[in-house]
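All of the numbers you see were taken from the coordinates with simple rules; none came from a lab. Quick caveat: nothing in here was measured; it's all calculated off a predicted structure.
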Amino acid sequence: MSAHILVLVFTLGGLLAVTSLLPITRHYNDGKSDVAGVYLAKGDASGSTKIIEKAGMMEKEDVKVATAGGQTALVNKKVGALSSFPISINPITRQLTVTTPAGTKVVAVLPQQAMDNMLASKVMTDVVGEKVDNELASIPSLVRLEEKNGILGYKVKGTKTHKLFGFIPIKTGVTAFVSAENGQVVESTDSLLGRILNRLAP
């Protein structure tokens, strides 16, 4: 009898190990259409950036471009977005823009707001910042600014904590892609185990 239980435990353990490694991608939105209440970014001639909410509210926002060790990051509050693309303020449109191989893209949603949108959507519980070995490591959260399927967005790595049976915490890895054009979570990739736990212990 104990041998059967041991085999069952090892089998379940093996299944959990395998399912935790199988990546599954879920698509949500197009990442381009307008979203009510999302903050839009516009730069002024001095290089600072104002955030203009669609409801009409306006506030100053701390935005800067930091460079270190050959890396560039768009820094907004506590979040920095590492970019391999040139970042600039367009003197004509006065917008924050990024030049990608597919052309110039407007950064309408800044890193902090994109992160807040993503966490509010409950795609993940905690963000695991990118690791760098230069001065940019002092930025609390580092994500990546990338282009995917014609959409400029932030690639965010993190974890989601599930409460199995309501009290046993289990963490699974999640990667999300959040549009820098409208703040939508475009897609997320988690493991098969994560998908199963999303159903059993959301």
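Quick check: residue separation of A137 and K78 times 0.36 nm, minus the Cα distance between them. What number comes out in nm? Walk me through the numbers on the way to the answer.
Details: separation 59, 0.36 × 59 = 21.24 nm, distance 1.17 nm.
Difference between extended and current length: 20.1 nm.
Oblate is the label for region 114-154, because a/c, from the alpha-carbon gyration tensor with a ≥ b ≥ c as root eigenvalues, is 1.5 or above and a/b does not exceed b/c. Relative to the current alpha-carbon distance between A120 and S88, full extension at 0.36 nm per residue lengthens the span by 8.6 nm.
For the cross-link pairs K78/K171; K77/K131; K64/K157; K64/K171; K64/K160; K64/K105, the ones whose C-alpha atoms lie over 28 Å apart are K64/K171; K64/K160. Centre-to-centre separation between the Cα atoms of region 69-117 and those of region 143-170: 20 Å.
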